[in-house]
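Below: one structure, written as C-alpha cells.
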Amino acid sequence: MKALCTTENLKKGILIAEKIIGKNLTLPILSNILLEAEKGGLKISATNLEIGLIAKVRAKIEKEGKIAVPGRIIGGILSQLDDGSQITLEEKNSTLKMIYNGNSAAIKGMDAKDFPIIPKPESKFLFEISAAELQKKAGNVVATAATSDTRQELTGVHFEFGETKIILAATDSFRLSEAVVKLDKAKATEDYKKYIAKNKAVIVPARTFSEVIRAISAEDENVKVYLAENQIFFETVDVLFVSRLIDGKYPEYKQVVPKGFSLDLIAKKDDLLKAARLAGVFSDSKSREVRLKIEGDKGKLAVFAESVESGEGSWNIDCRTDAKSHLEVAFNNRFLLDGLNSISTEDISISANDSFGPVMLREVADGKPQPDYFHIIMPIRS
C-alpha cells in the first residue's frame with residue numbers, strides 16, 4: 001500500500017482509534033490499528049471486541065493494500081508532528097514506512113488477515129439526531145454512569161425511545177442524571193416506528209457514548225443510529241462506531257425522582273462552584289463532605305466544611321427562593337462539583353425536600369428551571 005494525506009487528517013483518525021484499543025496479552029492484534037488504502041481513501045479500524053470503529057480519512061491512494069500497526073507507536077509519533085504538512089504511508093514486507101518533511105520512521109506491523117472483522121449495519125439507519133445536542137446531552141449523562149462492573153447495567157446509559165424524543169439516563173446509585181434529546185419525526189424511519197413498538201429501551205455502554213461524543217466534529221450535523229440484535233451503531237460523517245448492548249434490566253430510576261419539592265432556589269452557578277471549591281479545601285480527606293446551609297427567609301446559601309486536620313471554612317452566596325424554611329444538606333464534594341459542572345446556564349436551580357432525600361440540579365432559562373435535563377445527588381447521611 002501507499003497513501004499520501006495531511007498530518008491533521010491522519011492524526012484525527014488515528015487518535016480516535018487509539019482510544020478504543022488497549023493492551024491485550026491474549027490477542028496482541030487488538031493492540032493494533034488496521035490501515036487500509038482503498039480507492040475512496042484511507043480507512044482506519046480499531047476494536048477491543050466490545051467497541052469497534054471504522055474511520056474514513058481523505059487521502060491520495062497510489063497503491064491499495066493494508067497493514068495492522070501498534071496503535072501506541074503510530075499514535076505516539078503523530079502526536080508529536082505538526083499540522084499543515086503531508087505524510088506518506090508505505091507498506092513493505094509487513095513494515096509501515098512513514099515519511100514526513102524529509103524524516104522517516106519504520107513501524108513493524110502484523111498481518112492484516114489476523115485483524116477481527118468489524119460488523120457494519122445490514123439495514124438502513126433507524127433515526128438521526130442532532131450531533132451538537134447529542135454531544136451536549138450525552139456528555140452530561142455519561143459522567144454519572146457507574147465505573148465498577150459489580151452491576152453491569154449501571155455501567156451503561158439507558159436509552160429510552162419515544163416518537164418525538166430519546167431519553168438518556170445514567171446512575172451509579174449515588175447520582176442520577178436524565179436528558180431529553182428531541183427527535184425530529186422527519187428523521188425517524190418507518191423501521192424506527194416498528195422497532196419501538198417492540199423495544200422500549202436499550203442499555204448502551206457508557207464508554208461507547210464517551211467515544212462517540214469525543215469523535216463528533218464541527219462537520220457533523222447529525223448522527224445516524226442503527227440498531228441490530230445486541231448491537232448499536234453510531235455514524236458521523238467520517239466515523240462509524242459499533243458496540244455491543246448491555247444485557248440486563250435497568251433499575252426503575254424514575255421511582256426515586258421526587259414528584260415535587262418543598263424548597264426551590266436559584267443561584268449563580270459560578271458563585272456556587274467557587275464556594276464549593278473553597279469549602280472543599282477543608283473537607284475531610286475520606287468523606288470529602290461539604291454542607292449546603294440554606295436560609296430561605298434571608299435569601300442566603302452557605303457552603304461549609306470542616307475537618308480535624310484542616311480546620312473549617314464557610315462561603316455565602318445570594319439566592320432567590322420563595323421558601324422561608326431552613327435546610328442543611330451534606331454532600332460528597334466531588335459529586336457536588338460534577339453536578340454543578342454539568343449545568344451549562346448562568347443560573348442553576350436547586351430543589352430539595354429534606355436533609356436526606358434526593359437533591360435536584362437543573363438549568364435555568366427565563367428565570368425558570370428547564371425540563372430537558374436534571375442531575376440528582378443523594379446526600380450523605382451523617
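Observations on the structure shown:
- Residue check, L96 within 30 Å of V223 (Cβ to Cβ), of a type in the set (A, V, I, L, M, F, W, C) and touching a helix residue (DSSP H, G or I) at 6+ places or on another chain (Cβ under 9 Å): no
- Only one of the listed residues (A46, A106) is part of a strand (DSSP E or B) and buried (at least 18 other Cβ atoms within 10 Å of the Cβ). That residue is A46.
Yes/no matrix, rows are residues, columns are (1) under 17 Å from D238 (Cβ atoms); (2) without any contact (Cβ under 8 Å) to a residue 12 or more places away in the chain:
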site: C5; (1), (2): yes, no
site: K19; (1), (2): yes, no
site: T26; (1), (2): no, yes
site: I33; (1), (2): yes, no
site: L53; (1), (2): yes, no
site: A68; (1), (2): no, no
site: I74; (1), (2): no, no
site: L78; (1), (2): yes, no
site: S85; (1), (2): no, no
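- From E8, E36, residue being acidic (D, E) and part of a strand (DSSP E or B): E36
- A single member of I380, I266 is assigned to a strand (DSSP E or B), β-branched (V, I, T) and either at pLDDT below 95 or on the phi < 0 side of the Ramachandran plot (or both), and it is I266.
- When restricted to residues that are over 26 Å from I377 (Cα atoms) and crowded, with 18+ Cβ neighbours inside 10 Å, region 122-150 contains 7.
- Cβ-Cβ under 9 Å pairs, at least 6 apart or on other chains, region 334-351 side among the charged types (D, E, K, R), far side part of a helix (DSSP H, G or I): R334/G280; E346/K269; E346/D270; D347/K269
- Pairing residues of region 270-295 that are assigned by TED's automatic domain parsing to the domain that holds L336 with residues that are buried (at least 21 other Cβ atoms within 10 Å of the Cβ) and aromatic (F, W, Y), at Cβ distances under 8 Å and at least 6 apart in sequence or on separate chains, gives E289/F331; V290/F331; R291/F331; L292/F331.
- From the options L27, L34, residue that is buried (at least 20 other Cβ atoms within 10 Å of the Cβ), of a type in the set (A, V, I, L, M) and under 26 Å from P121 (Cα atoms): L34
- Conditions (1) more than 23 Å from the chain's Cα centre (by Cα); (2) not in a strand (DSSP E or B): number failed by K136: (1)
The values are calculated or read from the model by the stated rules, or taken from the named source; none is laboratory data. Please read these numbers as outputs of a predicted model, since none were measured by experiment. FYI the Cβ positions are ideal-geometry reconstructions off the backbone, even for glycines, and counts take in every protein chain you see.
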